[in-house]
Amino acid sequence: MSDEKKTAQEPSAEKKPVPEEKTSITRHTLVLNGKELTYTVTAGTLLLKEEDEAEGEKPKAMIFYVAYELQGETPVAERPITFSFNGGPGSSSVWMHLGMLGPMRVLLDEEGMPLPPPYQLVPNDFSLLDKTDLVFIDPVSTGFSRPVPGQKAEEFHNVKRDIESVGDFIQRFTTRNKRWASPKFLIGESYGTTRAAGLSGYLQERHGMYLNGIMLISSIINFLTARFNPGNDLPYALFLPSYTATAWYHKRLSPDLQADLSATLRESEAFAGKDYILALMKGVRLVGEEREQVVRKLARLTGLSETYIEQTDLRIDIHRFCKQLRRDEDLAVGRLDSRYIGKDRDSAGEIYERDPSYSATLGPYTAMLNDYLRSELEFESDLTYEILTSLFKTWKYDDAQNQYVNTGETLREGFLLNPALKVFVANGYFDLATPYFATQYTFDHLGLPAEFMDKIRFAYYQAGHMMYLHLPSLRQLKADLDAFIDEAVNKKAESSKLKAG
């Protein structure tokens, strides 16, 4: 009987093998500013491990990356290195990789609108590779990055662990590739700016890695500025100038406001930062002629009707705005880039069915990334390259219970730990996801001494969230980033001065 029991027992679960790292190394050339550059690309995976008292180094996740290293006379340790990631949360690094920084970019038209398939990659005349080596990182569950067998992906899907895992990757990559002596930069976009601000503290405090600079593309580091929740009136005021810019682009403003975007935005900013926010603070006590004046002004600056503004109780939600602005034409405007327009099943909805600016870019970038990795970089994988997952729907903000995520405080501390740190902040006027006026508010409220505020550079572009899709903005962004990197590594800037706005 006992023998039968032993036979019937299930075998003990065997430990699943940890996948091995793999890399593909290729050499390429790029002509940039009339000079031929030779560079090496490493597309590969790096095993992320965590120290465990019982098991030593415990494998946690396999991180996929693409690293570009310029070949030349300058010793590698003296060349700047920049770690790049996008946002989501749940986005791979494809957008800045093939749209802005890397030596190849997805071909769009001059305004950033997609061309018909099949799509094309072309040499990027605005790559940052002449200034800095580049490492594009896909956080866990994006791109080809996955947890190792036995580890749960959800473990990495929160603010704290995301920062730690990306920071640990940067530390390990820097060590393996002997880049500790290199000037080091981060560049993040959207939620990637939340991550970058958090990394400013984690890299310094956990790994003793001090940065030369952080580049923030379409920034959100204090979520108080962008959450349209009952009782939080701040976003309504901070989004207003971006509503004005959008209405200007779609020619929904009066002739005097259509004449000069810069002057129009100054008027909108002045109203948002004073009369409008004070009016919202009054709540139900805002009545009579005072209320009517605010309604009229909002209608003037948004292109919406006074009746609609009254119906919203003077509080215009971002998604409602995208649907309402051109509802009379059966059109919705984009959230990531409000220059884009799309059609829904009908015009009666509260919000659009999908963001037309995201729909326009998903196809070209997905196709070209998958082709580029396998054809040019010779990296093979049967995994699906996860361009942008829906992790943002289930992302955990465990350390921000009963409050808003704010990695701005970490960035403030990062400045104090490392007084040499410099920050560049790029803003698109037609970005309704991370509005420029909200970003200004965030930095104005970091609580930094004046001498540290002088280390922060702002630039503005007549484009959206991914301002580099717009060719004139990409051209200016390249010049601005060149100047910033030169300044941050204490070189005399040879590029054009940063645009003031």
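The values are calculated or read from the model by the stated rules, or taken from the named source; none is laboratory data. In this text the structure is predicted, and so the values were computed from the model without any measurement. Cβ placement follows ideal geometry from the backbone for every residue including glycine, while neighbour counts extend to all protein chains displayed. The accessibility values were calculated without ligands, DNA or RNA, using every heavy atom of the protein model including side chains. Shrake-Rupley method; radii C 1.70, N 1.55, O 1.52, S 1.80 Å.
In the complete set of protein chains, residue-level accessible area for residue 323 is approximately 10 Å², probe 1.4 angstrom. Only Lys, Arg, Asp and Glu carry charge here, each on its Cβ (+1 for the first two, -1 for the last two); on that basis the chain has a dipole of about 560 debye about its Cα centre. Residue 133 contributes about 0 Å² of solvent-accessible surface, heavy atoms of the protein only, 1.4 Å probe.
For 390, 127, the ranking by accessible surface with the largest value first comes to 390, 127, using a 1.4 Å probe.
Does segment 219-314 come out rounded, prolate or oblate by the C-alpha gyration tensor, with a ≥ b ≥ c the root eigenvalues, rounded set by a/c under 1.5 and, if not, prolate when a/b is larger than b/c and oblate if not? Note, shape of segment 219-314 comes out oblate.
Against the chain, whose longest principal axis is taken from its Cα atoms, helix 191-207 shows a tilt of about 50°. When all protein chains stay in place and ligands, DNA and RNA are ignored, the 1.4 Å accessible-area order of 277, 351, 25, largest first, is 25, 351, 277. For residue 421, neighbours were defined as the other residues whose beta-carbon sits under 14 Å from its Cβ, and their charges (Lys and Arg +1, Asp and Glu -1) total 0. Loop sites by DSSP among the GluC sites (Glu not before Pro) of the chain, restricted to those with at most 13 other Cβ atoms within 10 angstrom, leave 112-349 as the longest stretch without any of them. Roughly how tilted is helix 234-249, in degrees to the nearest 10 and between 0 and 90, from the longest Cα axis of the chain? Helix 234-249 and the main axis of the chain meet at about 80 degrees. Ranking 127, 104, 141 by Cα position along the charge dipole of segment 98-154, where only Lys, Arg, Asp and Glu carry charges on their C-beta atoms, puts 141 farthest toward the positive end.
Legend: residue pairs 178/422; 16/160; 152/396; 58/184; 251/282; 274/422, Cα-Cα distance threshold 20 Å; pairs beyond threshold, 178/422; 16/160; 58/184; 251/282; 274/422.
Taking the C-alpha atoms only, the angle from helix 356-375 to the longest principal axis of the chain is near 20 degrees. Karplus-based coupling profile of segment 268-281, in residue order and whole Hz: 5, 4, 4, 5, 4, x, 10, 4, 5, 5, 5, 5, 5, 5, with θ = phi - 60° in 6.51 cos²θ - 1.76 cosθ + 1.60 and x standing for Gly or Pro. On the chain, 49 percent of the accessible area sits on carbon and sulfur atoms, based on a 1.4 Å probe. Taking semi-axes √(5λ) of the Cα gyration tensor in Å as the quantity of interest, determine which of [x] 40, 28, 24; [y] 37, 24, 23; [z] 43, 24, 19 was computed from the displayed structure. Calculated semi-axes √(5λ) of the Cα gyration tensor in Å: the matching label is [x].
At the residue level, residue 100 shows approximately 10 square angstrom of accessible surface with a 1.4 angstrom probe and all protein chains present. Over the chain, accessible surface divided per residue gives 44 Å², non-protein components excluded, 1.4 Å probe.
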